[in-house]
Amino acid sequence: MADLSNFAVSKTYLKPKDVAEPFVTKIDMVEIETSKFGTKPVLSFGEHKLTMSTFNVARLGKAWGMNDDEWVGKEIEVSTEMITINKDDVLVITTNPVSDAVAGADQDDPFNKVDADGPPTANMNPDALD
């Protein structure tokens, strides 16, 4: 039987303009959602949701592995960062693991195309940042 209490409250999706200062929060739930931009993981914490970019998934996956069950209950820092996409500077939300790495998690870049220690740059698909 599924606990539906998390669906009883309308959650707002964070946008970069909503993150005035970095903050630390605990992940309540990880869901997979489909939108016009494709299918992506979405983190829920408190009253907010955050659609994860490829970069953010890689960064958290490096610390905790790629099983979303390992992410629930972990703490992350949510902040913004200016990056360059197709020669344009774009403000994006970034996540950093605060909770310790999970033993046995893949400490290498899980996608082998994103440097999980730094922001993506150069010719990245902007849709990947939604």
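What do you reckon, is residue 79 at pLDDT 95 or above and either surrounded by fewer than 16 Cβ atoms within 10 Å (Cβ to Cβ) or among the small types (Gly, Ala, Ser) (or both)?
Considered against the rule, which asks whether it is at pLDDT 95 or above and either surrounded by fewer than 16 Cβ atoms within 10 Å (Cβ to Cβ) or among the small types (Gly, Ala, Ser) (or both), residue 79 comes out as yes.
If you take the residues of the range 1-57 that are charged (D, E, K, R) and more than 20 Å from residue 97 (Cβ to Cβ), which of them is modelled with the lowest pLDDT? Don't jump to the end; show me each part of the working.
Within the range 1-57, the first condition is being charged (D, E, K, R), and the residues that meet it are 3, 11, 15, 17-18, 21, 26, 28, 31, 33, 36, 40, 47, 49.
Subset that is more than 20 Å from residue 97 (Cβ to Cβ): 3, 11, 15, 17-18, 33, 36, 47.
Values: 3: 67, 11: 71, 15: 93, 17: 92, 18: 92, 33: 94, 36: 87, 47: 90.
Checking each candidate, the answer is 3.
Tell me which residues, restricted to the range 29-88, are more than 20 Å from residue 15 (Cβ to Cβ), part of a strand (DSSP E or B) and charged (D, E, K, R).
75 - this is the single residue of the range 29-88 that is more than 20 Å from residue 15 (Cβ to Cβ), part of a strand (DSSP E or B) and charged (D, E, K, R).
Restricting the search to the range 40-63, which residues are of a type outside the set (Gly, Ala, Ser), within 15 Å of residue 28 (Cα to Cα) and in contact with a helix residue (DSSP H, G or I) (Cβ under 7 Å, 6 or more places away or on another chain)?
41
The values are calculated or read from the model by the stated rules, or taken from the named source; none is laboratory data. Since the structure is predicted, the reported quantities are computational estimates derived from the model, not experimental observations. Note that we place each Cβ from the backbone using ideal geometry, even for glycine, and neighbour counts take in every protein chain shown.
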